[in-house]
Structures are given as structure tokens and as C-alpha cells.
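Here the structure is laid out as C-alpha cells; the discussion comes afterwards.
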Amino acid sequence: MKKEIRGRARKRLDERLTALEPASRFAVPPRGWIRAIRDALGMSGSQLGQRIGITAQSVQNLEASEANGTVQLNTLRKAAEAMNCVLVYALIPKTSLEATVQERERAIASDALRRVSHSMALEDQGVVDTDTEARIQHYIANNLRQRDIWDKP
């Protein structure tokens with residue numbers, strides 16, 4: 001039951017995340033979003049600082065921390081609000097979540113079946129490999145629990 005619920009939740013999330021693709025649309029400008037938007041608005045660092053309640057020097061530090069990736073989300077949210085913006089935060093998977101889970105399941109199943117085949121070959125009990133895909137799917141269905149697929153590297 002949990003596997004079905006997780007599958008449906010993963011599908012809904014995949015559908016929502018598809019709207020954000022390609023992720024390259026959200027590439028951070030070279031000097032950061034704060035600086036890019038502030039400049040586009042014609043707002044000085046001092047003016048932004050007044051709106052946030054910090055000094056102009058702190059605005060420079062904030063812009064530098066955003067550019068180097070160390071800015072805190074709550075600070076970024078305050079800057080966004082001060083410039084009449086909304087902070088949008090998302091993790092966008094490189095492939096669908098479903099594909100990521102299936103890829104991980106297949107890797108674990110293939111590795112386990114390869115070890116079994118190797119052990120049997122050493123004992124001179126070679127496995128006839130007629131339908132590898134069916135064996136992989138059988139292993140996934142009968143031996144893997146989704147919550148455990150991330151335990152191994």
C-alpha cells in the first residue's frame with residue numbers, strides 16, 4: 001500500500017516539476033538575483049538596505065553571499081520582499097523522480113543478480129541467462145522495499 005501511495009505522490013510531484021523544466025531557465029545571474037533585480041529597479045544598495053533594515057555595506061555582503069552560494073533563505077526572502085518580489089525555492093530533479101527510483105532499483109537488482117551468477121559459476125552451477133529483464137523485474141518486485149533502495153551507495 002505504501003508503495004502505491006509513494007508512487008502516486010511521486011507521479012503528482014513529477015507533473016508539478018515538469019512545469020519548471022528546463023532548469024536552465026532559473027540560472028542565477030553572474031552577480032546574483034538580488035543585484036540583478038536591484039539594478040533593474042534602479043534601487044541603490046543603501047535604499048535596499050533601508051527597506052530591509054540593514055546598512056549599505058550589509059547589502060554588499062548579502063549580494064556577495066548570494067553570488068557565492070552561502071546566502072540564507074530567510075535573508076533572501078527579506079531582500080525579495082523589499083524589492084516587491086516573491087522568493088521561489090525548488091529542487092528540480094535531473095530526470096523524473098519515477099525514472100530515478102527505477103534506475104536505482106535496476107542497479108541494485110542487476111548488482112545482486114550479477115553476484116549470484118558469479119557465485120554459482122564459481123561452484124560450476126552456471127545460470128542460464130535466458131531473460132535477464134524478467135529476472136531483474138522479479139527481483140525488484142520480490143526483494144526490494146522502496147524505502148531501502150537508498151541504503152546502499
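The values are calculated or read from the model by the stated rules, or taken from the named source; none is laboratory data. Not measured: the values here are computed from a predicted model. Cβ placement follows ideal geometry from the backbone for every residue including glycine, while neighbour counts extend to all protein chains displayed. Accessible surface areas use protein heavy atoms only, side chains included; no ligands, DNA or RNA. Shrake-Rupley method; radii C 1.70, N 1.55, O 1.52, S 1.80 Å.
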Filter pass, Glu98 being under 30 Å from Asn143 (Cβ atoms), touching a Lys or Arg at 6+ places or on another chain (Cβ under 7 Å) and either open to solvent by 40 Å² or more (accessible area, probe 1.4 Å) or outside any helix (DSSP H, G or I) (or both) | yes
Please identify the pairs in which a residue from the stretch 36-63 that is of a type outside the set (Gly, Ala, Ser) and modelled with pLDDT of 95 or more has its Cβ atom under 6 Å from the Cβ atom of a residue that is in a helix (DSSP H, G or I) and open to solvent by 50 Å² or more (accessible area, probe 1.4 Å), counting only partners at least 6 apart or on another chain.
-> Ile52/Lys78; Glu63/Arg35
Going by the conditions given, is Ile5 at pLDDT 90 or above and of a type in the set (Val, Ile, Thr)?
-> no
Helices (runs of 4 or more DSSP H) within the stretch 1-94 that include 1 or more residues open to solvent by less than 70 Å² (accessible area, probe 1.4 Å), closer than 30 Å to Arg147 by Cβ and charged (D, E, K, R) | 2-18
